[in-house]
Each structure stands twice: as C-alpha cells, then as structure tokens.
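Student: Quick one: the structure is below, and I'll ask about it shortly.
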Amino acid sequence: DQQVKQNSPSLSVQEGRISILNCDYTNSMFDYFLWYKKYPAEGPTFLISISSIKDKNEDGRFTVFLNKSAKHLSLHIVPSQPGDSAVYFCAASEYGNKLVFGAGTILRVKS
Amino acid sequence: DTAVSQTPKYLVTQMGNDKSIKCEQNLGHDTMYWYKQDSKKFLKIMFSYNNKELIINETVPNRFSPKSPDKAHLNLHINSLELGDSAVYFCASSQRDRPLKAFFGQGTRLTVV
C-alpha cells in the first residue's frame, strides 16, 4: 500500500531546461508535503515543502505545485543545472507525524 | 562538524550475528529517527525518539532494538541478523516543533551474507 508514488524512476533533462518531477499520493489526510534531494553515498537533504493549504511554493529555482483534487504534486526546477543531478524523493505527512516517502526519481541533467 | 553522523558507513556480516549502528547529532535536536531504505528504494521509518522516549515504533521485528542514551544519540542494535535485513539504514534528527524537516546522516549499508 504505497501511499506516495513516484512513477518515473528516472528523468533526463538538458542543462538550462525545466525539470519536472511528479508525485502522486493516495491518503487524503496528508497535510504537508516535502521534497528531498539525495546524492550518492549521502543522506537525503531537505529541499522544499508545501502545506496542503497552499497550491504553490517557490524557493529560487525550485517550485512545488500541489493539486489536492488530483492528489498530485510536482517539483519544477528551472533552469536545470548539472549539479541538480541526484535522486529526488517526494514525502508526505499527516498532522506532523512520520514522513512517508516515495521511491525516488533519478534526475540527470546533461550539459 | 557533521550534523548527523552514523557509523559504520559499511557493514558486512554473517547471518545470525548481532551488530550495532551508532548515530550522533550535534544540531541540538530533540527528536531522532531510524529509517530503512530497502531494495525497492523506499525510505521507511522504523523508530522515532523524542527526548530519549520512544514515540514511533513501526512494525519492526523485535530483533531491532533502538537505544537512546541521551538526546544526541540514537543507536540501533540488531540481533540474529537475517538476509532480509540487508538495506541502507539512515539516522535522522529534527526539532520537535518542526518534525518534518529532518536532517539525515549519510547512511549505513548493511549487507548480511
């Protein structure tokens, strides 16, 4: 019962273009969503988050969009840079309790 | 000056052995966690401690026993290791009022042979 799903195992994007990473969830009680970034041999690092009362949150090159009716969120990175190449995990939480993670999407930004 | 550090980074051991993974954080956080990343790459929470008190215990076999001697440390002891325990284990910490923005250690890759 995977409550958070990232259906694209990998994504390849040209440097300077937009990267769009997608995430779907099934639990309508989730009220907070996060994106984590992970480099090889390192732990995940927090990237950006969004509360369920919002539909967009922006931080520099990173923007997260939330569509509650579709139970879908996405992370936009623009412009994409080679240093953005990493695994991106979507995560969700219900009332500040444990984080439920997706399986991750490997992003490769080609220069 | 690593924020969350765990040792060892790699651990190869035989079935049936007992092993421990240590975790320390210097962020002054009061909540610590253990996560397991399995072969399907999902990160799943195992335990959560707040001020040395267990607050989350997912359906983890009781061969896994976390121990928190103080707020800055949360160690994971595993008895009678099985092949299925092979995974990457991540320690993390957060502040109680911001439980979701956890800081993760680099991970321990456990291989049971």
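The numbers here are math on the coordinates, done by the rules we state, and not lab data. Worth saying up front: this structure is predicted, and the values here are computed from it rather than measured. Cβ atoms come from the backbone with ideal geometry, glycine included; neighbour counts cover every protein chain shown.
Student: Put a dot 7 Å past each Cα toward the Cβ at A:Q14 and A:A70; how far apart are the dots in nm?
Tutor: Placing both labels 7 Å beyond Cα along the Cβ direction yields 2.5 nm.
Student: Check which residues have an amide H placed less than 5 Å from B:G105's amide H, if you skip close sequence neighbours.
Tutor: B:C91, B:A92
Student: Using Cα-Cα distances under 8 Å and only pairs 6 or more residues apart, what relative contact order does chain B have, in percent?
Tutor: 37
Student: Let me ask something else about it. What is the calculated FRET efficiency for B:Y10 to B:L54, with r their C-beta to C-beta distance and R₀ = 45 Å, to the nearest 0.05?
Tutor: 0.95
Student: How high is the relative contact order of chain A, in percent, with contacts defined as C-alpha pairs under 8 Å that are six or more residues apart?
Tutor: 37
Student: How large is the Rg to Rh ratio of region B:66-113 when both quantities use alpha carbon positions and Rh follows Kirkwood?
Tutor: We get a ratio of 1.04 for region B:66-113.
Student: Quick one: divide the alpha-carbon radius of gyration of region B:1-86 by 2.2 N^0.38 Å and tell me what you get.
Tutor: This ratio for region B:1-86 stands at 1.08.
Student: log₁₀ I(q)/I(0) of the protein assembly as shown at q = 0.09, 0.12 Å⁻¹, via Debye over equal Cα point scatterers, no solvent, to two decimals?
Tutor: Here the Debye-derived log intensity ratios amount to -0.37, -0.65.
Student: Whole angstrom only: what separates the Cα centroid of region B:59-113 from the Cα centroid of region A:1-48?
Tutor: 22
Student: Further question: Past 19 Å, Cα to Cα: identify those pairs from B:K44/B:K101; A:K37/B:K44; A:K5/A:K110; B:K9/B:K52; A:K98/B:K9, in the order given.
Tutor: Cα-Cα > 19 Å for A:K5/A:K110; B:K9/B:K52; A:K98/B:K9; rest within.
Student: What is the Cα centroid distance between region B:1-48 and region A:59-111, reported in whole angstrom?
Tutor: For region B:1-48 versus region A:59-111, the Cα centre distance is 23 Å.
Student: Which of the trypsin sites (Lys or Arg not before Pro) found in region B:37-113 are in a DSSP loop and have at most 13 neighbouring Cβ atoms, other than their own, within 10 Å?
Tutor: Filter output for region B:37-113: B:K40, B:R63, B:R96.
Student: In a GNM of chain A with a 10 Å cut-off on Cα contacts, which of A:I53, A:I77, A:I18 has the highest mean-square fluctuation?
Tutor: Largest GNM mean-square fluctuation: A:I53.
Student: Same structure, new question: Please list the equivalent ellipsoid semi-axes of chain A, computed as the square roots of five times the alpha-carbon gyration tensor eigenvalues, in descending order and whole angstrom.
Tutor: 23, 15, 12
Student: Could you work out which residue, out of B:M46, B:M32, B:M15, moves most in a Gaussian network model of chain B, that is, has the largest mean-square fluctuation with Cα springs under 10 Å?
Tutor: B:M15
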